[in-house]
Amino acid sequence: MSCETKEMDPSVDEQSEKHLDNIVDLDALGEREGYVFNAELGHADTRHLKTSRDGRTILIPQLSDDPNDPLNWSQTKKNLILLVVSCTAFLPDYGSATGAVTLLPQAAIWNMTPDTVNHSQVGNVFMLGVGGVVAVTLSAYFGRYPVLFWFIVLAVGTAAWCAAAETFPSFMAARILNGFFSTVAQGGGLMFIKDMFFFHEHARKINIWSAFIILSPYFGPMFTAFIINTIKWQWAFGLYTIMTGLCLIAIMLFADETYYDRRIPMDKQPDRGSHISRMLGIAQWRSRNHRNTIGQALQRPFIAISKLPVLLTVVYYMLTFAWVVGINTTLAIFLTPLYNFGPKQIGFFYFTPVVAALLGELTGHWLHDFVARLSMKRNHGVLEPEARLKVIWISTPFMIVGLILLGFCLEEGYHYMVTSVAWGLYVFGIMITTVGVNAYNLDAYPEASLPASGEVASWINFARTAGGFIISYFQVTWANAEGTKKSLGTQAGIVGAAFIIILLLQRFGKSLRAWAGQPHFKTN
C-alpha cells in the first residue's frame, strides 16, 4: 500500500485549489486499502507525512497548522472534553435504571400495579434511542457544542420534573421527555472522539466513553436501592437531577465545538467567535453554510443506515445487548423471592456488574490495541477495519456462558455468589463487544468532513435501546412461563447465532464496504 498524496477535485479559488492538492486524506485511503499508521511495519515513505514525536506513528488524519484544529489542542483539553462527554453519556441509562427500582414504592402510593408504572420505564428506554438519532442530525446543522448544551439544559429541567411529579401521568411525561434529551452524549459521543483524536487513539478513547455507558445502568439501581430503603423515592430523582446539573456546569466550562473542516485553508476558516457564542450556537449559525443544510442533515442518518455493514452491526448489537436491559430491569424481581433480598441487599448485588464492566474496561485498554498490532504484523503493516471485530471472538464465550449459567442459577437456586459471577461474565463480554463494534464502524466510515461517526454511533445506540425496549415487555412473562433455564438459554443461543454476522463481516466486510460505498455526505 502506498501513502502518497493524491490530487483532489479542483476548486474555483486558486488558493483553495492549492490547499486541497496538499491534503493527504489518509482516512479515505485507509478505508479503501487498509490503515498504515506504523511507519516501520508498513514500510511507508513518511517524509511528506506528519508523524508522532518519536516518528514511528503516522498521524491519521493529517492535522492542519491551525491552532483551532481540535487535533492540535493540548492533550489535557481533549481528555477533559472526553471526560465531560463521557460523564454526560453516563446520565441517560443511570436515570432510566433508577425508575426500574422506584416503581415499587410509586405503585403503592399511586394505587397502581408495578407493571403499569413500568410503562414510564419502557417509554423512557425507547426515547433514549430516538433522542440520540435526532441529536446527531441536529449536530450536523447547528454544530456539536450547542446541541450538547441545549439538550442537557432540557434534561436538567425534565429530571427535576421527574422528582417533583405527584401523579403518574405527570411522571410518565417527564420520564419520556427526559429520555429524549438526556441521551445526546450517548448518541453523539463518537463524533467528539473522531474530531479530537487520531486513528491510533480511537480504541482506547472509545473504551473510556463506552465504560461510562455500560456502567451507568448498574449504578442507578444500586444507589436508588439504598435511597428508597431510608428516604422517599423522590430523592432518587433528586440525586439524578443534581448529577445532570453538574454535567451541565462542566459542559459550560470545559466543552467546546469540535467540528473543523481541514479542507478549508486556515486563513479562510470561519470565525469561531467567543466560547459563549459557540455554546449557544450563535457562531455555528453564522457559519452554517460550511456544513449541511437542514434537509441534508435530515438525510444523513438514513444514508448511514443504508450501508449494509452498518445495518449488519446494528442488528448484531441489538441481538447481543438487548438482554443487558432485560436482565437489569427485571433481576430484582427474581432475586427478592429467591434469596430473600431487600432493597439494601439488591443494592449491594449491583456491585457485580460494576466490577465486571470495570474489568472489561481495563482489559480493553490493552486488548484492542494488542489485537490491532497483531493484525498489522500478519497483514504487512496494514490494519483493515474488520480487524477490530476480532475481539468479539474473545467476548462471545463470556456472554454465552454468563447467560446460560445465570439461567441455571435463577431456576435451580444456586448460591447468590454463583449468580453474581454469571451476571459478571455477561457484562464483561458486552463491554469488550461494545468497543469492538464502535471501533469497527468508526474505521469503516471515517469521512474527513462531518464524518459518519455520529450517525453510526446513534444507530448503534438506537439498537441497544430498541432491543431493551422490546425485551422489557416480555422478559418476566417469558421466564415465568418457561423457566429461566430455557429463556436465558435461548438468549444465549441468539447471541451465538448473531456471531455469524461477525463472521460474515470479517470475511466479506471489505467487499461489502466497496459495494455499498462511503456515505458521501454533501459536505464532502
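The values are calculated or read from the model by the stated rules, or taken from the named source; none is laboratory data. Fair warning: this is a prediction, and the values are worked out from it, not measured in the lab. Neighbour counts run over all protein chains shown; Cβ positions are idealised from the backbone, glycine included. Heavy atoms of the whole protein, side chains included, go into the accessibility calculation; ligands, DNA and RNA do not. Shrake-Rupley method; radii C 1.70, N 1.55, O 1.52, S 1.80 Å.
Data overview
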quantity	calculated
Normalised contact order of the chain, rounded percent, pairs of Cα under 8 Å and 6 or more residues apart	22 percent
Virtual spin-label span in nm between Ala481 and Tyr416, 7 Å along Cα→Cβ	3.0 nm
Estimated inter-spin distance, Asn229 and Leu338, nm [label 7 Å along Cα→Cβ]	1.9 nm
Thr51 long-range amide H proximity, modeled H, under 5 Å	Leu59
1.4 Å probe accessible area per residue over region 276-365, in Å²	42 Å²
Around Leu308: net Lys/Arg minus Asp/Glu count, Cβ-Cβ under 13 Å	+3
Cβ-derived FRET efficiency at R0 35 Å, Leu503 paired with Leu362, nearest 0.05	0.80
Ellipticity estimate at 222 nm from DSSP helix runs (n ≥ 4, -39,500 (n - 2.57)) divided over the chain, nearest 500	-25000 deg cm²/dmol
Magnitude of the charge dipole, region 139-297, Cβ model with Lys/Arg +1 and Asp/Glu -1, debye to 20	300 debye
Dipole of the chain, positive direction: furthest Cα of Ile264, Val122, Leu246, with charges on the beta-carbon	Val122
Listed residues Met399, Met318, Leu358: farthest to the positive end of the dipole of region 311-457 (Cβ charges)	Leu358
Packing-based ranking, highest mean first, of 72-79, 432-439, 138-145, 224-231 given that Cβ atoms within 10 Å are counted	432-439, 138-145, 224-231, 72-79
Percent of alpha-carbon pairs separated by more than 20 Å within region 331-414	53 percent
DSSP H segments from the chain that extend 15 Å or more along their own axis, Cα-based, with Kyte-Doolittle mean of 1.6 or above	234-254, 308-339, 391-412
15 Å beta-carbon shell around Ala492, net charge (K/R +1, D/E -1)	0
Charge dipole magnitude, Cβ of K and R +1, D and E -1 - region 219-307, Cα centre, debye nearest 20	320 debye
Share of carbon and sulfur in the accessible heavy-atom surface of the chain [1.4 Å probe, %]	65 percent
Calculated FRET value between Lys268 and Lys77, using beta carbons and R₀ = 35 Å, to 0.05	0.90
Reference-scaled alpha-carbon Rg (2.2 N^0.38 Å with N residues) for region 392-524	1.28
About the Cα centre, charge dipole magnitude for the chain (Lys/Arg +1, Asp/Glu -1 at Cβ), debye	560 debye
Leu367, Leu280, Leu190, Leu104, ranked by accessible area, largest first (probe 1.4 Å)	Leu104, Leu280, Leu367, Leu190
Listed residue (Ser420, Gly132, Ala255) projecting farthest to the positive dipole end of the chain, Cβ model	Ser420
Gain on full stretching of the segment that runs from Ile242 to Glu166 - 0.36 nm per residue minus C-alpha separation	25.4 nm
Where Met127, Met431, Met318 fall by accessible area, highest first, once all protein chains stay in place (1.4 Å)	Met318, Met127, Met431
Members of Lys50/Lys77; Lys78/Lys377; Lys377/Lys510; Lys205/Lys307; Lys50/Lys390; Lys205/Lys344 lying beyond 27 Å, as alpha-carbon distances in this model show	Lys78/Lys377; Lys50/Lys390; Lys205/Lys344
